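The values are calculated or read from the model by the stated rules, or taken from the named source; none is laboratory data. Just so you know, these numbers come straight off a predicted model, no measurement behind them. So basically every Cβ, Gly included, is an ideal-geometry build from the backbone, and we count neighbours across all protein chains shown. Heavy atoms of the whole protein, side chains included, go into the accessibility calculation; ligands, DNA and RNA do not. Shrake-Rupley method; radii C 1.70, N 1.55, O 1.52, S 1.80 Å.
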Amino acid sequence: MKFIKTLLADDHTIVREGLRSLLLADSGIEIVGEAHDGREAVEMALKIRPNVVVMDIAMPLLNGLEATRQILAAAPAIKVLILSAHSDDAYVDRVIAVGAAGFLIKQTSAQILAKAIHDIMAGNAFYSPQVSKRLRDHYQKQDRIGGLVIKKSTGLTSRELEVIQLVAEGYANKQVAADLDISIKTVEKHRQHLMDKLNIHDTAGLTRYAIAQGIIESSVQVTIV
C-alpha cells in the first residue's frame, strides 16, 4: 500500500500533536515530519519531499502563505493544504493565489481533514464546506481566468516578504541578517526599499502593513528586542 507522506507545519506543539494523532488513524497517511515555523517547513519540504504539507498560516519567521509559495516554486508536485483558524475572504483569496490545493478551517473534523488530504492527492482542490459556499458566491461576482480570481499583488519580492515579516515580528537588523544569512547592510537596503516602495516611514508602519496584508496576524507574538 502506498502511503501519502504528510508533513505537518504549525508553530503550536499541541496542535501538531493533535493533527498527528488524528491522521495516524488513517491507514493511508504517513506523517514524515513536523515543522514549527514557515522557514523550517520550506527546508523540510524540500529535503523530505512529502506528498502533502498541512500548513498553518500564522507562523513565526515565515508565514504559511509565503512558505507555500516557496515550496511550490521549488517543488510544484508537492500539494499544500492550508489549515487556519481564519476563513475570511482575504485569506482564502491569498491561499488560492499562492497555489495551495486546499483550505480548511481548524474547526474541521478529523474525517474531513483526512478526506481533504486524499482528495488533493487525487488532483482535486478541497475547501471546508463554509469556504466552498463563499467561494462560489464570491466567484459569481468576479471575472475569472482559468477559474482563479485575479488579485492585485502586494508588489513585494519573496526576499522583501521575508524581511518585512521578521521586522514586523520585532527582529533587529542583526537578527534578520543572521536568520536570512545576508549582511546587515543588505537588510538595511531591503528595509529602505520596502519603505520607499510602500511609502511607509517607520517600523510601526511596516508592522501595520504586514498585519493588514496577512503577512503576520495581529495575534502573533513578536520578539522583544
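Tabulated values for the structure
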{"quantity": "Selection within the range 122-146 - buried (at least 19 other Cβ atoms within 10 Å of the Cβ) and either closer than 19 Å to residue 51 by Cα or at pLDDT 85 or above (or both)", "calculated": "126, 127"}
{"quantity": "Filtered residues of the range 71-94 (kept if at pLDDT 80 or above, within 14 Å of residue 128 (Cβ to Cβ) and open to solvent by less than 10 Å² (accessible area, probe 1.4 Å))", "calculated": "81, 82, 84"}
{"quantity": "Checking residue 165 against (1) more than 24 Å from residue 50 (Cα to Cα); (2) part of a loop (DSSP other than H, G, I, E, B); (3) modelled with pLDDT of 80 or more; (4) of a type in the set (S, T, N, Q), the condition it does not meet", "calculated": "(2)"}
{"quantity": "Residue count for the range 43-70, restricted to those that are out of contact with any Asp or Glu (no Cβ under 7 Å at 6 or more places or on another chain), farther than 21 Å from residue 93 by Cα and open to solvent by 10 Å² or more (accessible area, probe 1.4 Å)", "calculated": "7"}
{"quantity": "Positions within the range 166-181 being touching a helix residue (DSSP H, G or I) at 6+ places or on another chain (Cβ under 8 Å) and either surrounded by 19 or more Cβ atoms within 10 Å (Cβ to Cβ) or not acidic (Asp, Glu) (or both), in sequence order", "calculated": "166, 167, 168, 171, 173, 174, 175, 176, 177, 180"}
{"quantity": "Any chance residue 24 is open to solvent by 40 Å² or more (accessible area, probe 1.4 Å), of a type in the set (A, V, I, L, M) and touching a helix residue (DSSP H, G or I) at 6+ places or on another chain (Cβ under 6 Å)", "calculated": "no"}
{"quantity": "Residues satisfying the stated conditions in the range 1-14, i.e. buried (at least 17 other Cβ atoms within 10 Å of the Cβ) and among the β-branched types (Val, Ile, Thr)", "calculated": "4, 6"}
